[in-house]
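Novice: This is the structure, below, for whatever I ask next.
Nothing in this text is a laboratory measurement; each read-out follows from the coordinates by a stated rule. Model, not experiment: these values are computed from the prediction. With ideal geometry, Cβ positions are generated from the backbone for all residues, glycine too; neighbour counts draw on all protein chains shown.
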Amino acid sequence: MRRFVSIVFFTLLCVAAFSQNNAADSLLALSPDSLIARYIDLEEYTITARVKEKDIIIPQTLSGVQLKKMNALSVADAIRYFSGVQIKDYGGVGGIKTVNIRSMGTNHMGVYYNGIQLGNAQNGQIDLGKYSLENIEEIQLYNGQKSDIWQSAREFGAAGSIYLTTRRPRFAEGKNVNVKAQMRAGSFALIDPSLLLDVKLSETMSLTMNAELISSNGKYPFRYRRVTPSGEVAYDTTAIRQNGDINAIRVEAAVNHYYSNTGFWKLQLYHYNSERGVPGAIVNNVWRNGERLWDRNSFVQATWQDELFNRWSVRINAKYANDYTRYINNDDKLIHVENQYLQQELYFTMAHKVRIFDWWDVSAAYDLQYNALSMYAEAHRFTHWLSAATAINIKNYLRLQASVLGTFVQDASQSNNSEREALNNTEQPAMQALNTKLTPALFLSYRPTQLVDLRLNAFYKQSYRYPTFNDLYYTDMGNAYLKPELAKQHNVGLSFTQPFRIAEQKGSEFRLNADYYYNRISDKIIAYPKGQQFRWTMLNLGLVKINGIDINAQLHFVLPKDFYLTAKAQYTYQTAIDVTDPNDSYYGDQIPYIPWHSGSAVGMFGWQNDWQQYGLNYSFIYVGERYNQQENIIYNYTQPWYTHDLSVFGEWQFGAKSKESRAKTKYPISLRVALDVNNLLSQDYDVILNYPMPKRNYKCTISITY
Amino acid sequence: MLISLCSLLLIPCSLTSCRSDEIIFPAEYEVLPIESRELTSFAPNEPIGMYLHNEGNMGSNKATIDYLDFCNGTYIRNIYGERNPNVIKELGDVGNDIQVYGHRLYAVINCSHKVEVMDLRTCRRIGQIDIPNCRYIRFHQDKAYISSYVGPVSIDPNAQLGAIFEVDTATLRITRQVTVGYQPEEFEIIGNYLYVANSGGYRTPDYDSTLSVVDLTDFRQVKKIPVCVNPHRVRKDPYNRLWITSRGVHKDVQPQLVLIKNLELGIKNDPEIQYSKITSSEMVIFGDSMYFYGSHWSDETMSNQITYGVFNIQSPIPNNQYPISNIQSFITDGTEQNIKIPYGIQVNPYNGDIYITDAKNYVSSGQLHCYSREGKRKWSVRTGDIPAHMCFVYR
């Protein structure tokens, strides 16, 4: 218990130290007198504030209360609210959802789960629809890299990074167990129960367990309507999406041990198992598809970190991941296909940071990873990363960070099983030459005056995207001579925060971030047609230039009589131009699925007192016109889409109504009910051509927390 | 502050646009450097137009039909879409063949599992025949025959045989069906027999290599002739011989052109098979001339090796090989450099003009090039995605 008190105390100190100016998430600072709410809020407040202190360029963050209010199902649903991000969504609960930042391509994105990257060496894409928000406390999006130099070498490698941080258990004074039971149900026969259990093993050690089941039949009506140029209805048809069902189970367990003020270790287990239908493209005469997909993702990861001799920080991470995929095409009109893939990953990292002076830190890290793909094809890869970085903070006016990363990749492969058998080849795969690349990064932040919180930021970064196993070895298509794809990012921006008061109420705040960026992707790995029929190969041919502006603004009002109002808006303008070959008909055209304009707006209005709170959230997402193929011609034009989502919630704490009852009920039980309506105006739209999205749909969530 | 935020929000609002009614894709008309002529000035055996079938990339639902109008000298992109606005989800996904029979136009749409039947003159839809995974169509005595990758469900799901379907062109109903080899592709009918190439294209590396012979009387497979690995095209010449292309085996066996003779001796006798070293991906027989192009990928140069050629089909084949050096290219002005992936060829039977399509990178608009008999490029025009199959329309 002493530990907890000290955390709260530390929290308060931090709050004082950073002052209201630095309010990382002012939403959290508004709870008036609710005891429990204040505990939690202050805690989260400091966590974000501390992180922020280290960050040279502040990331886009969704955390704690905000995430809870959004009530989104998966990480992909929440990430849509970040600027500069494009989501590919194939529709429905089970549809694949991948993220692409600043048009650089999904494979340039690093997704980190509690600081360790989620990998898919086979195709390099992480389906964020698979990651539930249930156990996630914070999502952060960094353009470039996390601007804290104490990180693993691999983290310096991605062109954009998403950090998913799971909930850390916190116990009220004298309480040893936290329980949360939740049930979600909604359209498409969605049933999503989850259970969360925190157990305090000792004053410093805790165990947390979380299990979730997601089931949906994926059936939703969709509509295709076309009119003739003269305005008559050409056709108007509504059908039900088929074969989009999903059954998934997720189980997580973690042990945390915060053994001193500076040190802790954590062991985490993750298991996800799913069976789903692949609904497929809706084309003429085809309304149903027969593909099925089984996924099993398991990993165990461990972290230890501490600060030695007050100056030297050490972190060690290790991970083993085992991912199995089985794919079947059962469509009786198509050739039967059954493929199985097993991917394994072993990862180890050690990161050191030394504080030479109070204003000067240096760091070094080494990572080693082994990837193996088996069953369908045999491929192995050893990757070593070595990084060195330095950070300088001159009197809070100028912050600078420079890093250099060396990546060393060695591949070994065999062709797919059937070919291997045919050739009677049982030899061990041959190792290929080591591929070595060096990539620098430089981040700067300048605060001209301490009077206002205005920061000018800039960064330059190079990063490589290594060819995936599919790029290199896919039957007939792979090209073992591929070079990695190079992304160069240039960014300038500013961030501004201004707190203000309304009727003597503290906590209101205005924040603005604006960035201009120029990215250049060279040696882009593209599929290139090969002589006969539909044989392709992968070549380093593409060159893409990306120019963009991201603007974020947030206005938060703490109103009298316990009301609050938050308005957030983000807007992105982007051009992503293919400049590969002047002879191509699409030379100078915007690359597929990148809208020129996109943005979102969120409004949150609520009221709360000691034992209850109510809120109304409205969000709007806009994705502008874009083209679904390389040529910007009318046949490839895709209309804008925009959806309105509405959610209301209420939360009550039992036995906390009056001061007397609060004194009696030490650990009240709280009940939360939320109702969501998504796509309120029932827009019929495709994010990806021929993959229709659901019309208006509903979701209801009931959770009980002890 | 509030005002500044609002104005900030208004900037994007004023720039961006809203969703409007989705309009069916219109046709596009382009004038070609062809003299326009009266319909009556065309000889009965002179084409008045040519339909071009664009396959469209799989899953994109962008199979389209274009029309080259020799009367008006225009090229019409997406004529099917314009003439049939009420067809739900347009023509379909992945066109694979287009043919004319009588007053009708038949388009085989592979991934929409159907044959679309249209009026030849107007391109208006008459109906459709549902055939799973259909590939090619030919006609014989008022019956349409369609090859399909999937025959009846077999016990071993990994060894599913293909089939030929017979359809009555009057009723558009399937009348009979016969199981043949693995993944049957093109076929021809000579006399009372249908010869279909079994590619086994989905069974890599265990390709099929046979030609199934189907007796049309009782619609039964009577024989399988081993020909060449992974066969694809089957074309008969005026001497009732069959020219067959092999797609080869990736890296190991080069694609080649094969000639089958003596079919007139009946199925009890083995035909004579002659192998050439010619790489042919697609071909067209015009009189005694065989126009072809061949392309294969070279891992050494990381590029496509493409040859264009014409030869006399009656000339002898020394040592079962055509000396490749003796074959002339039918393009003589050097413009073949501008063709990235040749994907279709046709010859105007009246004036000998040669039409070559370029599929580019398969996911952008292709091109149609017209060459004179002398091999000089006359004009080029933009097509739909993956222009591939062409057929002529007469008065």
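Novice: Can you compute the modelled spin-label distance between B:Glu374 and B:Thr217, with each label point 7 Å from Cα toward Cβ, in nm?
Specialist: According to this spin-label approximation, the distance is 5.4 nm.
Novice: Lys/Arg Cβ at +1, Asp/Glu Cβ at -1, dipole of segment A:2-705 taken about the Cα centre: which of A:Phe222, A:Tyr131, A:Ala239 is farthest positive-ward?
Specialist: Of the listed residues, the answer is A:Tyr131.
Novice: Could you give the dipole magnitude of the protein assembly as shown about its Cα centre, charging the beta-carbon of Lys and Arg +1 and that of Asp and Glu -1, in debye to the nearest 20?
Specialist: The dipole of the protein assembly as shown has a size of about 2700 debye.
Novice: Full-extension gain between A:Trp265 and A:Arg696, please, as 0.36 nm times their residue separation minus the C-alpha to C-alpha distance. Before the final figure, lay out each step's value.
Specialist: On the way: separation 431, 0.36 × 431 = 155.16 nm, distance 4.49 nm.
Length gained between A:Trp265 and A:Arg696: 150.7 nm.
Novice: Nearest 0.05, what FRET efficiency do A:Phe605 and A:Asn339 give at R0 = 51 Å with Cβ-Cβ as r?
Specialist: Values: r = 50 Å, r/R0 = 0.98.
For A:Phe605 and A:Asn339, the calculated efficiency is 0.55.
Novice: Which values, in whole Å and largest first, are the semi-axes of the equivalent ellipsoid of segment A:71-166 obtained as the square root of 5 times each eigenvalue of the Cα gyration tensor?
Specialist: For segment A:71-166, the ellipsoid semi-axes come out as 20, 15, 13 Å.
Novice: Quick one: pull the percentage of alpha-carbon pairs in segment A:153-306 with a separation above 20 Å. Don't jump to the answer; show the numbers that get you there.
Specialist: Details: 7956 of 11781 pairs.
Cα-Cα pairs of segment A:153-306 separated by over 20 Å account for 68 percent.
Novice: Set the Förster radius R0 to 51 Å, insert the Cβ-Cβ distance between A:Trp652 and B:Val31 as r into 1/(1 + (r/R0)^6), and round the FRET efficiency to 0.05.
Specialist: Values: r = 74 Å, r/R0 = 1.44.
FRET efficiency, A:Trp652 to B:Val31: 0.10.
Novice: Picking from B:Val310, B:Val115, B:Val87, which is most flexible by a Gaussian network model of chain B using Cα springs under 10 Å?
Specialist: Residue with maximal mean-square fluctuation among B:Val310, B:Val115, B:Val87: B:Val87.
Novice: For segment A:496-507, take each phi angle, set θ = phi - 60°, evaluate the Karplus expression 6.51 cos²θ - 1.76 cosθ + 1.60, and give the result in whole Hz per residue in order, putting x for glycine and proline.
Specialist: 9, 10, 9, x, 8, 10, 10, 6, 6, 7, 7, x
Novice: Whole-Hz ³J(HN,Hα) for each residue in segment A:179-192, computed from phi via Karplus 6.51 cos²θ - 1.76 cosθ + 1.60 with θ = phi - 60°, x for glycine and proline: what do you get?
Specialist: Per-residue couplings from phi come out as 10, 9, 10, 9, 10, 10, 8, x, 4, 6, 6, 6, 10, 9 Hz.
Novice: Here is the link list: A:Lys69/A:Lys175; A:Lys488/A:Lys545; B:Lys224/B:Lys261; A:Lys219/B:Lys62; A:Lys319/A:Lys488. Which ones come out longer than 19 Å on Cα distance?
Specialist: Working: A:Lys69/A:Lys175 26 Å; A:Lys488/A:Lys545 10 Å; B:Lys224/B:Lys261 15 Å; A:Lys219/B:Lys62 26 Å; A:Lys319/A:Lys488 29 Å.
As for pairs spanning more than 19 Å Cα to Cα, those are A:Lys69/A:Lys175; A:Lys219/B:Lys62; A:Lys319/A:Lys488.
Novice: Let me ask something else. Run the quick spin-label model on A:Arg288 and A:Ile669: label points 7 Å from Cα toward the beta carbon, then report their separation in nm to one decimal.
Specialist: Here the modelled spin labels are 4.5 nm apart.
Novice: Counting other beta carbons within 10 Å of each Cβ, put B:Glu35, B:Glu336 in order, fewest first.
Specialist: Working: B:Glu35 7, B:Glu336 21.
If I rank by nearby Cβ atoms, fewest first, I get B:Glu35, B:Glu336.
Novice: Just want the ordering: B:Val94, B:Val100, from fewest to most Cβ atoms lying within 10 Å of their own Cβ. Show your work: numbers first, answer last.
Specialist: Details: B:Val94 21, B:Val100 15.
Ranking B:Val94, B:Val100 by Cβ neighbours within 10 Å, fewest first, gives B:Val100, B:Val94.
Novice: Could you state the number of Å between the C-alpha centres of segment A:577-653 and segment A:484-524?
Specialist: That distance is 18 Å.
Novice: Still on this structure, I have one more. Which shape class, rounded, prolate or oblate, goes with segment A:161-235 when its Cα gyration tensor gives a ≥ b ≥ c as root eigenvalues, a/c under 1.5 marks rounded, and past that a/b bigger than b/c marks prolate?
Specialist: prolate
Novice: Which of A:Tyr376, A:Pro640, A:Phe510 sits farthest toward the positive end of the charge dipole of segment A:2-705, with +1 on the Cβ of Lys and Arg and -1 on the Cβ of Asp and Glu?
Specialist: After comparing all options, I get A:Phe510.
Novice: Go through B:45-58, A:453-466, A:192-205 and give me the packing order, highest mean Cβ count within 10 Å leading. Provide the component values of the computation, followed by the final result.
Specialist: On the way: B:45-58: 21.9, A:453-466: 20.1, A:192-205: 16.1.
Result, highest mean Cβ count within 10 Å first: B:45-58, A:453-466, A:192-205.
Novice: Please compute the Kirkwood hydrodynamic radius of chain B from all pairs of different C-alpha atoms, in Å with one decimal.
Specialist: Kirkwood hydrodynamic radius for chain B: 22.5 Å.
Novice: Given chain A, what whole percent of its Cα pairs are spread farther than 51 Å? Before the final figure, lay out each step's value.
Specialist: On the way: 25639 of 248865 pairs.
For chain A, the fraction of Cα-Cα distances above 51 Å is 10 percent.
Novice: Helix-only mean residue ellipticity at 222 nm, chain A, DSSP H runs n ≥ 4 weighted -39,500 (n - 2.57), per residue, nearest 500. What is it?
Specialist: One gets -2500 deg cm²/dmol as the mean residue ellipticity at 222 nm.
Novice: Another one. Averaged over peptide B:291-299, how many Cβ atoms belonging to another chain are found within 10 Å of each residue's Cβ? Could the numbers behind the result be given before it?
Specialist: Working: counts 0, 0, 0, 2, 5, 4, 9, 2, 5.
Per-residue shielding by partner chains comes out at 3.
Novice: Taking Cα centroids, how far is segment A:320-366 from segment A:91-137 in Å?
Specialist: 11 Å
Novice: Determine, from the Cβ-Cβ distance of B:Val253 and A:Ala372 and an R0 of 45 Å, the FRET efficiency 1/(1 + (r/R0)^6), rounded to the nearest 0.05.
Specialist: 0.90
Novice: Between segment B:325-351 and segment B:99-178, how far is it from one alpha carbon centroid to the other, in angstrom?
Specialist: 30 Å
Novice: In nanometres, what is the gap between the two model label sites at A:Lys506 and B:Ile190, each 7 Å from Cα along Cα-to-Cβ?
Specialist: According to this spin-label approximation, the distance is 9.6 nm.
Novice: If you don't mind, another one. What residues have an amide H closer than 5 Å to that of B:Ile190, excluding those fewer than 5 places away on the same chain, when H is modeled at 1.01 Å from N in the peptide plane?
Specialist: Here B:Tyr195 satisfy the definition.
Novice: So, one more: Among the listed pairs A:Lys461/B:Lys340; A:Lys333/B:Lys277; B:Lys143/B:Lys223, which have their C-alpha atoms separated by more than 24 angstrom in this model?
Specialist: From the list (A:Lys461/B:Lys340; A:Lys333/B:Lys277; B:Lys143/B:Lys223), the Cα-Cα distance tops 24 Å for A:Lys461/B:Lys340; A:Lys333/B:Lys277.
Novice: Compute the relative contact order of chain A as a whole-number percentage, counting only Cα pairs closer than 8 Å that sit 6 or more residues apart in sequence.
Specialist: 10 percent
Novice: Report, in deg cm²/dmol and to the nearest 500, the calculated mean residue ellipticity at 222 nm for chain B, where each DSSP H run with n ≥ 4 adds -39500 (n - 2.57) and the sum is divided by the residue count.
Specialist: It comes out at -1500 deg cm²/dmol, rounded to the nearest 500.
Novice: What list of ³J(HN,Hα) values in whole Hz, one per residue of segment A:628-634 in order, does the Karplus curve 6.51 cos²θ - 1.76 cosθ + 1.60 (θ = phi - 60°) give from phi, with Gly and Pro shown as x?
Specialist: Karplus values, whole Hz, x for Gly and Pro: 8, 9, 4, 7, 8, 10, 4.
Novice: Check the straight Cα-Cα distances from A:Lys483 and name the aspartates and glutamates below 18 Å, setting aside those fewer than 8 residues away within the same chain.
Specialist: Of all the aspartates and glutamates, those that pass the test against A:Lys483 - Cα under 18 Å, at least 8 places apart if same chain - are A:Asp411, A:Asp471, A:Asp523, B:Asp299, B:Glu300.
Novice: Could you work out the per residue convex hull volume over the alpha carbons of segment A:551-706, in cubic angstrom?
Specialist: Normalising the Cα hull of segment A:551-706 by residue number yields 140 Å³.
Novice: Could you give the dipole magnitude of segment A:562-650 about its Cα centre, charging the beta-carbon of Lys and Arg +1 and that of Asp and Glu -1, in debye to the nearest 20?
Specialist: Values: 2 positive and 9 negative charges, 58 e Å.
Once rounded to the nearest 20, the dipole reads 280 debye.
Novice: Only counting other Cβ atoms within 10 Å, I'd like B:Phe392, A:Phe156, B:Phe219 sorted with the fewest neighbours first.
Specialist: If I rank by nearby Cβ atoms, fewest first, I get B:Phe219, B:Phe392, A:Phe156.
Novice: Additional query: Peptide A:219-226: average number of partner chain Cβ atoms within 10 Å per residue? Write out the running numbers ahead of the final one.
Specialist: On the way: counts 0, 0, 0, 0, 0, 3, 2, 12.
Average per residue, whole number: 2.
Novice: According to the square roots a ≥ b ≥ c of the eigenvalues of the Cα gyration tensor, what is the shape class of segment B:119-212, taking rounded for a/c under 1.5, prolate for a/b larger than b/c otherwise, and oblate for the remainder?
Specialist: Prolate is the answer for segment B:119-212, as a/c is 1.5 or above and a/b outweighs b/c.
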